[in-house]
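J.: My questions all concern the structure below.
The values are calculated or read from the model by the stated rules, or taken from the named source; none is laboratory data. Everything numeric in this text was worked out from a predicted model, so none of it was measured. Note that each Cβ is placed from the backbone with ideal geometry, even for glycine, and that neighbours are counted across all protein chains shown. The area values use the complete protein model at the heavy-atom level, side chains included, leaving out ligands, DNA and RNA. Shrake-Rupley method; radii C 1.70, N 1.55, O 1.52, S 1.80 Å.
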Amino acid sequence: MAATRRRDGVLARLVVTDGPWAETIPPVPSGFDVTVSFSSEALGDEHAEALQLLGYRVVHPPPVTAMPLPPVADFLIGEALLDRHPTYGRSFAEQAKRAYNLAFGPAAALVADVVEAHTGIASS
């Protein structure tokens, strides 16, 4: 059986609203990698470029599950970034519909497919 690597950080799920939604998202601090996926291809087509200009790396979402998601964007933010830039983390906490702390097994299990799409590494 292949070992899986435990992820750290948070998966922040933000509701995507009409209009210039991406303008509410803070830029990625220099030296960090933050990935984002969208719940639909149409959302990605509309907002990916704006987020890339802010330093985000856009990834493909996981395959559609039995229960489709509402219009959301999932941001995978590492623990090191949250530790070094607490204001950045608070900005996401204020906007997030949900935030899944990946250090907690039950939370990580709920979003394992999304985390794997962002990293290519299964959560444990």
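J.: Name the single residue, out of those in segment 12-26 being at pLDDT 85 or above and not in a helix (DSSP H, G or I), that is farthest from the chain's Cα centre (by Cα).
T.: Just the residues of segment 12-26 that are at pLDDT 85 or above, to begin with: 12-17, 21-26.
If we keep only those that are not in a helix (DSSP H, G or I) as well, we get 12-17, 25-26.
Numbers: A12: 5, R13: 6, L14: 8, V15: 12, V16: 13, T17: 16, I25: 12, P26: 13 Å.
For segment 12-26, the residue satisfying everything is T17.
J.: Moving on to the next point. So for segment 33-44 (the condition being among the hydrophobic types (A, V, I, L, M, F, W, C) and within 14 Å of V10 (Cβ to Cβ)), does at least one residue qualify? I'd like the intermediate steps shown before the answer.
T.: Pass one, segment 33-44, residues among the hydrophobic types (A, V, I, L, M, F, W, C): 34, 36, 38, 42-43.
Still in the list and also within 14 Å of V10 (Cβ to Cβ): 34, 36.
Within segment 33-44, one or more residues are among the hydrophobic types (A, V, I, L, M, F, W, C) and within 14 Å of V10 (Cβ to Cβ).
J.: Mind checking whether some residue in segment 82-89 is hydroxyl-bearing (S, T, Y), in a helix (DSSP H, G or I) and at pLDDT 90 or above?
T.: yes
J.: Which residues, taken from segment 27-43, are within 13 Å of the chain's Cα centre (by Cα) and either over 15 Å from L82 (Cβ atoms) or open to solvent by 20 Å² or more (accessible area, probe 1.4 Å) (or both)? Talk me through it step by step, then tell me what you get.
T.: If we filter segment 27-43 for residues that are within 13 Å of the chain's Cα centre (by Cα), which is where we start, we get 28, 33-39.
Scanning segment 27-43 gives V28, D33, V36, S37, F38, S39.
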